[in-house]
Structure formats: structure tokens, C-alpha cells
2 protein chains.
Amino acid sequence: MDTESRTEALAQRLADSGLRSTPQREVVYDVLLKKRDHPTADEVFARVKPELPTISLATVYNCLETLVACDLVRAVNIERGPTRYCPNLQPHAHFHDVKTGRTHDIDLPPEVLERVQAVLPAGYTPASVEITFRGSACAPLDATGQATKS
Amino acid sequence: MDTESRTEALAQRLADSGLRSTPQREVVYDVLLKKRDHPTADEVFARVKPELPTISLATVYNCLETLVACDLVRAVNIERGPTRYCPNLQPHAHFHDVKTGRTHDIDLPPEVLERVQAVLPAGYTPASVEITFRGSACAPLDATGQATKS
DNA sequence: ATTTGTAATTAGAATAGTTCTAATTCTTAC
DNA sequence: GTAAGAATTAGAACTATTCTAATTACAAAT
């Protein structure tokens, strides 16, 4: 999706919640989509600044909160420390590499998600599930440069 | 397990890591086992204080960190906010009730754990997995007062 | 076009949770 | 009993986030 249609989609989602599209919200969302490495609010701030030099950190927090409320972004708390933000809305797990500190998205097939949900006793109705692995990744890559599935 | 044998088991585990058993470590571990409600460091501090009135918050943090390092306790970060501590070492998921703010342990059958691990591409070797549900629980109870399995 | 009300942004102060520091106390081995 | 290292302590420092109050931007009604 190009930047313009992204921006329109964002405007639509915001409007659905009775909120306005603003340059700040657009740029914050854009930097999240551009580099999907689960940045912290501070990191987002640093990436947005060149584009909007007068933006404040408080606004970055506000924008991120807004995007999370509109279900355009997920807030991820993998470990004690700053919250990280993830614009991947597909069902996925996170692999947190303790060596590099990086977090990778791991695609989550629907049947696994279902199987996991099924462990809940009656009456527990989950709004969301978060699956996080912790360890070290030394994934071999296939011809396309993608991590191969075991 | 009674308190004495618990204390011995703790002493053993600490010794295995070249660490000493101390009254502070014992009492911190005891309060975690006594009320398994995923308390924060502050809450642990409050519960330990009557027993050891001179203990400091820093020591509570130190003890918790030590217990986590010895694999006797899990540190849980469900959402932004204070880290919570969980002495349940069985494989289990967490259900975070957004209404009450409480977190329940959900037993995790081995085959589900395996199925979840299997989503990882080759080369990703997880040291641990954390599965967290978020939602609201209004679990019906069976005759024994336990939540019934769906 | 102007006004008016509301939404959003801003800078900086305040807060919460945790970690660090340096001094003291407790243990253990000699 | 002494020396060396481990653990504890109080408080300062630090980090991430939220709050506050003032300002700016915007949209609707006039």
C-alpha cells in the first residue's frame, strides 16, 4: 500500500472513532509501518522528529495511544522496560532474541490460535492473546533470505 | 509442602547457584507461595514487612531478582506497569482480567505447548514461552468451586 | 469572513517503578 | 578473633510515562 492510501485508511479509522487525522498522527503511523522493528516511544520520537521538528514526546505518546485505541497498532510489553509498538495486525507471536534484544514477528496459523484459546475454561472470554518466546535465534535462511520453517 | 521443607528446597536451589539462604530471601519466597496472586514488588514488600520490619524495598527487589535467576519464580510483564511475580513453575498461561485487574493462572497441557513451539522456524530456540490472554472472566463454577473447563 | 467551541499539540512538571551507590552488617573460612 | 566476601540497607538517581496548563489548529455556525 502506498503512503497516500495508507493515510486515507488511517483517516477513515480515526474518523470511525470520532477523531481527526493530523500530521502528527500520520507521520507516527508512517514511521511504524516503514520500519517494523517494534520501536519504543523514544525511538518513534527520534524517527518522526526530522519530518516534524516541532513535535513533542508527549504528542508521540498521545498518537501511539490513539493508534492503539483505534486497533491500528499493538502495544507490546515483552519485558520490564519501555513499551514497544507493532503495526502488524495479523495474528502473530513474538520472538524476543535475548542476545540482540530484537523482537521478530512469527506468523501464527489460525488452528494454533484456536488450540491455544481452547485451554481456557468456560466463562473466560479473551479479547486478545499474546504469545511471546524468549531465547536466541540463529535462523538459517533459505534462498529468498527468509527464515525457513522447521 | 510445609514451610520447613520449602525453606530447605530454597536453600538447596540457592546453594546450587553459589548463593546463601537468608531470612529475607526465605520470607520473600514464602509470601509468594502463600498468596499466589502475582503481586508487585511493592505488594511483596508490604507483606514481608510485618515479618521483617527492617527489610528495605531494595532488598525485596534483590531477593525477587535472585529467585527469578534461580528459576524459582517467574517475572511477569502483562502490561505496562510494575512487574509481577509468580511462583508457579508448572507450564501455564495467564489470563488478565481487565475488569478486576487480576491475573489467573491457566493450566497449559503439554501438547498445546508443543503445538505452539512448533510455529517457530528452524533456528529459533526458545528458552521460554509466555502466553497471555486479556479479557474479562465471568467463569461459572462447578460443585467444587473450581472454574469448569469448556 | 469571523466567531466560537472543541480537539489536538506542546513544554515542562510530576509521578511511578526500578536500579544504583556507598556504607554497614552479616557469614564463612581461616 | 580476623579477614574477605556476600548481603542488606537507605536514599539518591534514573527511566519511562502521565499529567497539567497554556497554546494552537480546526470545523461549524453565524
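Run A:ARG134 past the list (1) surrounded by fewer than 19 Cβ atoms within 10 Å (Cβ to Cβ); (2) among the charged types (D, E, K, R); (3) more than 9 Å from chain B (Cβ to nearest Cβ) and report the number of the one that doesn't hold.
(3)
Name the residues in the range B:72-91 that are closer than 24 Å to B:ARG25 by Cβ and either away from DNA strand D (no atom under 16 Å from the Cβ) or within 11 Å of chain A (Cβ to nearest Cβ) (or both), would you?
B:ARG74, B:ALA75, B:VAL76, B:ASN77, B:PRO82, B:THR83, B:ARG84, B:CYS86, B:PRO87, B:ASN88, B:LEU89, B:GLN90
Out of curiosity, is A:VAL28 within 9 Å of DNA strand C (Cβ to nearest atom) and either more than 30 Å from A:CYS138 (Cα to Cα) or within 14 Å of another protein chain (Cβ to nearest Cβ) (or both)?
Here the answer is yes, as A:VAL28 does meet what is asked.
Could you tell me how many of the residues in the range B:63-99 are more than 14 Å from DNA strand C (Cβ to nearest atom) and not aliphatic (A, V, I, L, M)?
Going through the range B:63-99 one residue at a time, the tally reaches 12.
Taking the condition surrounded by 15 or more Cβ atoms within 10 Å (Cβ to Cβ) and closer than 30 Å to B:SER128 by Cα, does A:ARG84 pass?
Here the answer is yes, as A:ARG84 does meet what is asked.
Is there a residue being surrounded by 15 or more Cβ atoms within 10 Å (Cβ to Cβ), more than 10 Å from DNA strand D (Cβ to nearest atom) and over 29 Å from A:ILE131 (Cα atoms) anywhere in the range A:52-64?
Within the range A:52-64, one or more residues are surrounded by 15 or more Cβ atoms within 10 Å (Cβ to Cβ), more than 10 Å from DNA strand D (Cβ to nearest atom) and over 29 Å from A:ILE131 (Cα atoms).
Name every residue in the range A:93-131 that is in a loop (DSSP other than H, G, I, E, B), facing another protein chain (nearest Cβ under 9 Å) and within 23 Å of A:PRO82 (Cα to Cα), in order of residue number.
Within the range A:93-131, A:VAL98 is the sole residue that qualifies.
Which residues, counting only those in the range B:10-25, are of a type in the set (D, E, K, R) and either at pLDDT below 95 or away from DNA strand C (no atom under 14 Å from the Cβ) (or both)?
Of everything in the range B:10-25, those that are of a type in the set (D, E, K, R) and either at pLDDT below 95 or away from DNA strand C (no atom under 14 Å from the Cβ) (or both) turn out to be B:ARG13, B:ASP16.
The values are calculated or read from the model by the stated rules, or taken from the named source; none is laboratory data. Everything quoted here is computed from the prediction, not taken from an experiment. Neighbour counts run over all protein chains shown; Cβ positions are idealised from the backbone, glycine included.
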